[in-house]
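The values are calculated or read from the model by the stated rules, or taken from the named source; none is laboratory data. Please read these numbers as outputs of a predicted model, since none were measured by experiment. No Cβ is skipped: glycine too gets one built from the backbone with ideal geometry, and neighbour counts run over all protein chains shown. Just the protein is used for accessible areas: all its heavy atoms, side chains included, with ligands, DNA and RNA removed. Shrake-Rupley method; radii C 1.70, N 1.55, O 1.52, S 1.80 Å.
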Amino acid sequence: MARTLKLRIWRGDDKTGGLQDVTVEANHGEVVLDIIHRVQATQMGDLAVRWNCKAGKCGSCSMEINGKPRLACMTQVASYPEDEVITITPLRAFPVIKDLVTDVSFNYKKAMEIPAVVMPEGMKPGEPRMQQVDVERSQEFRKCIECFLCQNTCHVIRDHEENKKSFSGPRFFIRIAELDMHPLDMLRNRKKTAQEEHGLGFCNITKCCTEVCPEHIKITDNAIIPMKERVADEKYDPVRWLGSKIRRREEVL
Amino acid sequence: MTLEKHKYDVVIIGAGGAGLRAAVEAREAGLSVAIVCKSLFGKAHTVMAEGGAAASMGNVNDNDNWMVHFRDTMRGGKFLNHYRMAELHAKEAPDRIWELEMWGALFDRTNEGKISQRNFGGHEYPRLAHVGDRTGLELIRTMQQRIVALQQQDAKEHGDAEKNMKVFAEVTITEILKENGKIAGAYGYRRESGSEVLFQAPAVVIATGGVGKTFKITSNSWEGTGDGHALALKAGANLVDMEFLQFHPTGMVWPLSVKGILVTESVRGEGGILTNSLGERFMFKYIPDVFIDKYADNEAEADRWYEDQDNNRRPPELLPRDEVARAINSEVKAGRGTEHGGVFLDVSKRLSAEVIKKRLPSMWHQFYELAGVDITKEPMEVGPTCHYVMGGVEVEPDSAAAVGVPGLFAAGEVAGGMHGSNRLGGNSLTDLLVFGRRAGKGAADYVKANGANPVSDAAIEKAAAKIEAPFTSTGGENAYTLHQELQEITHNLVGIIRTGAELTEAIEKIADIRKRSGNISVTGDRKFNPGFHLAFDLDNMLLVAESTAKSALLREESRGGHTRDDFPGMNSTWRQVNHISSFDGDKVSIKSQPLPVLPKELFDLFDVHELEKYMTSAEIAKGGSN
């Protein structure tokens, strides 16, 4: 055993809870999830934590470590100074179920609100031809492992439950951007609905989501800003605005 | 507490690729479907698949077709595969990939704009559709989004997205229920609250994946506890050939905490070479006779192959996984291993840093963040890790119906037969699509023909009592401790190299743990309690381990994912035998059953001299069935 760690782990449920002090051994090269498992196996058999792959690929073990949203399986114990107490708490933007497990159903509801890909009419399986450069833009967003750290850190909903109704969050802005940039998707107005139905306008580009993304997806630069610019083009450009009005008058006449 | 009850036409256990593909098929056939999974929706172990999905689309080399793929699959499995499954898989895989594209998947492309295909161990041509090294994630996300798309249709048409298909995430099934000898439903608990759930349904599809957590060093997530294997056994179904486990040759070996995590075969597909501590490229020493004309026996030819595949033989690093795993094991045992007990895998000498980061992004990431190794500059240390179980539920190939239990179906890793004694990389992702679809269709056809089969109160009471048991027990055994003991036993005695004496010892020790597991006591209450959850997972793992150890003891030869130190050779007589596990409520017993005979039209796809390496002279003389 390489070192003795002091932890503070949040334990409780939707009604009550608090930080509990734990002392546990840690081996060389271990990650925070290993330590949680050791606590579970030796001291707190019923300590609740979500995890799956333990390789940074499934996005299950999202939590806050010393206040930072992180994947516990990708957080080296060695990255904290020897004498530092490591504080582990559940994601703050979502309601706690028990200990480190939160209710993330908000995200699945938002996923349901984004219309699926619409293929060109008459296109048959095996027919699509796309260039690598054209698929790469969407591929960046499809790297998302749905850890929801970006959702958790986004200040629009982190401490503002009331915004959740009208704001889908960074995870779903990249989903919309992915479909918008998908070489085959035929559904129009994805950017417009991002603005009008998913709350893109709430985002003021602080880039917190990009900072916490374990897949290093450039959420703000490559998805949010391009969509905002295009929406702005159509909404605030005076010539386009006039054009839309004139066309409308013609329709009336 | 009132019992939560649901009625569906089909209940699907498992939300990985196979389960989701089955759900889509059953739903599109007009049935109501419940998808039940232990994790959140979209977290299934399928996300861990890295390399790609094998399908003979012929986009990169147009010599490829289903017959070549079929031959490769049979060779990889050392001809112990159920021929019909391998045939269906090879024929239908391209359609399953193209269909994903219609649902929004974005695979990497060729210059012509088609789906790109990469080389992989045991595949004669570049055959794996891929997205960098995160193909499994693309597959699971595409299927997940397809499910959502169908739910959106239902919301539009019926005002209720979950009218015909609903996902029950974080629910564990503890029992499959039968009435009058046929499937009637499934029973389990919500992990979140511990409250119990009853599903009434005349058809159940098991798509629970693998058993890796039975072993100490594994690439599998916590979910790989053999639930479906055990549920099927307990419901009266059979498991076939449980002795065959695939140890993936390249798992991480260091640091300790990441031991076992997968290093994709694509590293070798893209040109990675294996060396020992002496710097020798050792795989040239380990080319078995059956593959001697397909693999290069010198470095110059192996290197040329990357540029010219028509005139050179493949590098031996791309031998099927069982061969490479055994070779690494031998090198380490002979004292030529690395400091941490592995060998070196190096891709930095062949590819530029930029190309490595582009083609193997998650490998770069994984080594950089977890081991502090930059794979664009230095070699990785790798060694075998328990990766995949070839054995599984015995099914009818065409419908994926479990033999002996009307209404039960199985697809994906939990089903047996398709891969014989060893699975080729890339064949898993297409296996779960091909047979997931067939299981969904099989279940739909069955329900339409048979109708509902109500569950009795007695069955419900029995299932409920079992869930309560660990809370009332005062035996004091700790589930975590027993799990660790089981993993030590399987690792040491039922691992990559086996002997009769060790297997006999393992069977006794597993039985002992099984006895003690009856005394597991759980601390805390039912609410999201991992100790409680493990008590059930452990019961499943114990049955799987028993089945594996007993099958392995009987098979007195070495083939694919089963190596006996006391019977080192492959034996043509043993090739004609499947091992069938069944469960009488107390213990697992194994019987031998003849392997289905290759029909003439498939027999004739092979050069007879190749078949002579695998088959008895009597079989060759017969030339296949009919």
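Data for the structure
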| read-out | value |
| --- | --- |
| Only one of B:Lys91, B:Lys7 that is out of contact with any Cys (no Cβ under 6 Å at 6 or more places or on another chain) and free of Cβ contacts under 8 Å to residues at least 40 places away in the same chain | B:Lys91 |
| Scan of the stretch B:438-453 for residues that are part of a loop (DSSP other than H, G, I, E, B) and surrounded by 14 or more Cβ atoms within 10 Å (Cβ to Cβ), ordered by number | B:Asn453 |
| The listed residue being within 18 Å of B:Glu50 (Cα to Cα), open to solvent by less than 60 Å² (accessible area, probe 1.4 Å) and not acidic (Asp, Glu), out of B:Val332, B:Val343, B:Val347, B:Val290 | B:Val347 |
| Filter result (in a loop (DSSP other than H, G, I, E, B), within 12 Å of chain A (Cβ to nearest Cβ) and not small (Gly, Ala, Ser)) within the stretch B:332-372 | B:His340 |
| B:Lys213 vs. criteria closer than 20 Å to B:His533 by Cα, assigned to a helix (DSSP H, G or I), within 13 Å of chain A (Cβ to nearest Cβ) and not hydroxyl-bearing (Ser, Thr, Tyr) | yes |
| Close pairs from the stretch B:594-621: first in contact (Cβ under 8 Å) with a residue 40 or more places away in the chain, partner assigned to a loop (DSSP other than H, G, I, E, B) and among the hydroxyl-bearing types (Ser, Thr, Tyr), Cβ under 9 Å, at least 6 apart | B:Lys613/B:Ser572; B:Tyr614/B:Ser572; B:Met615/B:Ser572; B:Thr616/B:Ser572; B:Thr616/B:Thr573; B:Glu619/B:Ser572 |
| Residue under evaluation A:Asn52, criteria (1) more than 8 Å from chain B (Cβ to nearest Cβ); (2) not in a helix (DSSP H, G or I), criterion not met | (1) |
| Count of residues meeting criterion [farther than 23 Å from A:Leu200 by Cα and either crowded, with 19+ Cβ neighbours inside 10 Å or in contact (Cβ under 8 Å) with a residue 60 or more places away in the chain (or both)] in the stretch A:96-129 | 12 |
| Candidate set: the stretch B:99-118, residues that are over 19 Å from B:Val434 (Cα atoms) and in contact with a strand residue (DSSP E or B) (Cβ under 9 Å, 6 or more places away or on another chain); chosen: the one nearest to the other protein chains (Cβ to nearest Cβ) | B:Arg109 |
| Unique match (being of a type in the set (A, V, I, L, M, F, W, C) and free of Cβ contacts under 8 Å to residues at least 24 places away in the same chain) among B:Ala444, B:Ala545, B:Ala458, B:Ala506 | B:Ala458 |
| Residue among B:Leu432, B:Leu360 that alone is touching a residue at least 24 places away in the same chain (Cβ under 8 Å) and in contact with a Lys or Arg (Cβ under 8 Å, 6 or more places away or on another chain) | B:Leu432 |
| Matching entry among B:Leu40, B:Leu31 (being at the interface with chain A (Cβ under 10 Å from one of its Cβ atoms), over 20 Å from B:Phe107 (Cα atoms) and in contact (Cβ under 8 Å) with a residue 12 or more places away in the chain) | B:Leu40 |
| The stretch B:94-106, residues that are assigned to a loop (DSSP other than H, G, I, E, B) and closer than 13 Å to B:Met57 by Cα | none |
| Subset tally (residues that are in contact with a Leu (Cβ under 7 Å, 6 or more places away or on another chain) and within 23 Å of B:Val290 (Cβ to Cβ)) for the stretch B:572-595 | 6 |
| Test set (1) over 24 Å from the mean Cα position of the chain (by Cα); (2) under 30 Å from B:Glu87 (Cα atoms); (3) surrounded by 14 or more Cβ atoms within 10 Å (Cβ to Cβ) - B:Tyr480 fails condition number | (2) |
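Table: residues versus (1) touching a Phe, Trp or Tyr at 6+ places or on another chain (Cβ under 6 Å); (2) in contact (Cβ under 8 Å) with a residue 40 or more places away in the chain.
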| residue | (1), (2) |
| --- | --- |
| B:Asp512 | no, no |
| B:Gly518 | no, yes |
| B:Leu534 | no, yes |
| B:Ala552 | no, yes |
| B:Gly561 | yes, yes |
| B:Ser572 | no, yes |
